[in-house]
Every structure is written in structure tokens, then in C-alpha cells.
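Right, one structure below, let's go through it.
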Amino acid sequence: MDPTAPHDEAPPPIVFVHGMRVSGTMWHPVIEHIGNRHPTAAPDLPGHGARRGEPFTMAGAVRAVDGAIDALGGRALVVGLSLGGYVSIATAASHPDRVLGVVAMGCTSLPRGLFGAAFRGAGRAAAACPEAANRLSAFGFRRTLPRPTAEAMISGGLASEVIPGVVDAVADMNPLASLAAYPGPVWLVNGGRDHFRRHERLFLRACRDGRLAVRPGCGHVTSLSDTAAVARTVLDAAAVVRAGVDRVPTPEGAADRARALEAGR
């Protein structure tokens, strides 16, 4: 395949990547809104949904997304929220020729220092009493989200026991290096009240072809409340991808660039 040739006219497939402890069903309202305009998939990551009980690793999560891309023809726009955003970034760095673009929502924070310690502590507490944590999560989703969205978050099952493994995997990755290594378009999308937006400018500077959008009034999960708005964001990104051209990845120096960005934050 000629890496400089324009995309064909077929709409690009879209792979949706879910957040921590939920499953691919969380994306069903958005997928329903998109309808038949694009081929779509929403795989379960290791330890989640139909794969509950499996250990979570970032490498395993990337394989799950790559498998979904393969099932849709070998190339796709990848969209993720929270954990799904970090996994989407990691997948783009690992398979730049297969990821046409990334929409990374609610994942522009480096979980280190005091924030990382609090994140790990919350994960250990949830894993200590996972069924109680699952009930609390379900209550929170139903309290803060429209009913169809809340039920989509819950219907694939909740898996709070996987949280410590997820936290460790995210803490061990270097999303800045991954973004610096990926030559394609990246959309960083955050709610204005999202606690995971604290390093968004650092993440944006790491992107070779990045843009940042902040949705006023939205939090981490409540960014999904307006299904139509989320779908529009994804469809706009898909339109850019469809009209664009591929770029040949040139990872040389990407890790050095990411380290320099992080040192300067």
C-alpha cells in the first residue's frame, strides 16, 4: 500500500475503546447515533465485560484493539474515553499504519506524584470490596447520566477488581512518547470539569498533529451525557481522516522529544 496515497471514498471504520471497569457496551448509544454511516466495533479489553477475570495488561489491551481493527478491514479511527483513551494512544504508537486517527477523551493526565498515589489508593480500595464498588459505580452512573447512557455503562457488567492492574498499567506507560511517535491526527477531548485534564497542554505539545477541545460543564464521565455531541465529535474526526492522507511514521527521536516535553512541564 502506498503510504502517501489518499484514502478511498469508503467511510473509515471506527473502533471504540471503553473505560476502566466497564465494557464495550458503554459506547452503544454513540454507535446507535452513528448508525450505518461507518463500520464500528467496541471490543472488551482484558479483565472487562466478556473477558472479566483475565489479567489486564496494556499490551493485551492493544492486542484487543488491534484485533478489532483487523476485523474491520485493517485500518480504523480509534476512539477512547479514560482508560480507553490511554489504550488508544498506545495502540496508535504500536500500529501507526493501522490507526487512521485517535480521538482521546478524558485521558490527558500523567498519574504520578500525589495524584498517582491517590489514584492507586482508590484502586486498592475498590479491589478490596469489588462487588460493593460495582454497586456504588452503578449507582453513580444512574445518578449522573441519562438513563440510556447509564444502562449502557452497566449492561456489560462491572469489574472493579481489575482497577489496580489498570492503574499500574497506565502509570507504567509513557503517553507522551506514544503521542510523539504517532504521526497521524489526534483529537484530545476533555470535559471542563474533568480531573484528568491537568496535563492537557503537555499532551497537546507532544502530538505531531494534535488539537484540543474542552467541553464546558462536563466532567469525566458526564462528557457522555450528550450522545449527539459525542457522535458529532467522532464523525467530524472521521471526516478529516477520510479527506486526509496517511503519513509514514518516523519514530526516530520521538522518545527524546517526549522526555524533553515532560521535563519542561
Notebook entry, point to check: Name the residues in segment 27-73 that are in contact with a Pro (Cβ under 7 Å, 6 or more places away or on another chain), over 21 Å from residue 148 (Cβ atoms) and of a type outside the set (Gly, Ala, Ser), would you?
Noted result: 39, 46, 54, 55, 56, 57, 65, 72
Next item on the list: Go over the candidates 71, 128 one by one and state the one that is more than 20 Å from residue 231 (Cα to Cα), surrounded by fewer than 21 Cβ atoms within 10 Å (Cβ to Cβ), without any contact (Cβ under 8 Å) to a residue 24 or more places away in the chain and not acidic (Asp, Glu).
Entry: 128
Notebook entry, point to check: How do the helices (runs of 4 or more DSSP H) wholly within segment 147-191 filter down when requiring 3 or more residues that are more than 17 Å from the chain's Cα centre (by Cα), of a type in the set (Asp, Glu) and surrounded by 24 or more Cβ atoms within 10 Å (Cβ to Cβ): which remain?
Noted result: none
Notebook entry, point to check: Residues in segment 38-46: is at least one buried (at least 23 other Cβ atoms within 10 Å of the Cβ), over 30 Å from residue 139 (Cβ atoms) and at pLDDT 95 or above?
Noted result: no
Margin query: If residue 110 meets every condition in (1) touching a His at 6+ places or on another chain (Cβ under 6 Å); (2) within 22 Å of residue 227 (Cα to Cα); (3) modelled with pLDDT under 95 apart from one, which number is that one?
Written below: (2)
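Determine whether residue 25 is part of a loop (DSSP other than H, G, I, E, B), within 28 Å of residue 138 (Cβ to Cβ) and among the hydroxyl-bearing types (Ser, Thr, Tyr).
Numbers: part of a loop (DSSP other than H, G, I, E, B): no; within 28 Å of residue 138 (Cβ to Cβ): yes; among the hydroxyl-bearing types (Ser, Thr, Tyr): yes.
When the stated conditions are applied, residue 25 does not pass them.
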Next item on the list: Filter segment 65-95 for residues that are more than 23 Å from residue 166 (Cα to Cα) and part of a loop (DSSP other than H, G, I, E, B) and give the result.
Entry: 72, 73, 74, 75
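Going by what's in this entry, would residue 31 be described as modelled with pLDDT of 95 or more, over 26 Å from residue 165 (Cα atoms) and not basic (Lys, Arg)?
Details: modelled with pLDDT of 95 or more: yes; over 26 Å from residue 165 (Cα atoms): yes; not basic (Lys, Arg): yes.
Yes; evaluated as a whole, the condition is true for this residue.
The values are calculated or read from the model by the stated rules, or taken from the named source; none is laboratory data. As the structure is a prediction and not an experimental result, all values here were calculated from the model. Heads up, the Cβs are rebuilt from the backbone with ideal geometry, glycines too, and the neighbour counts pull from every protein chain shown.
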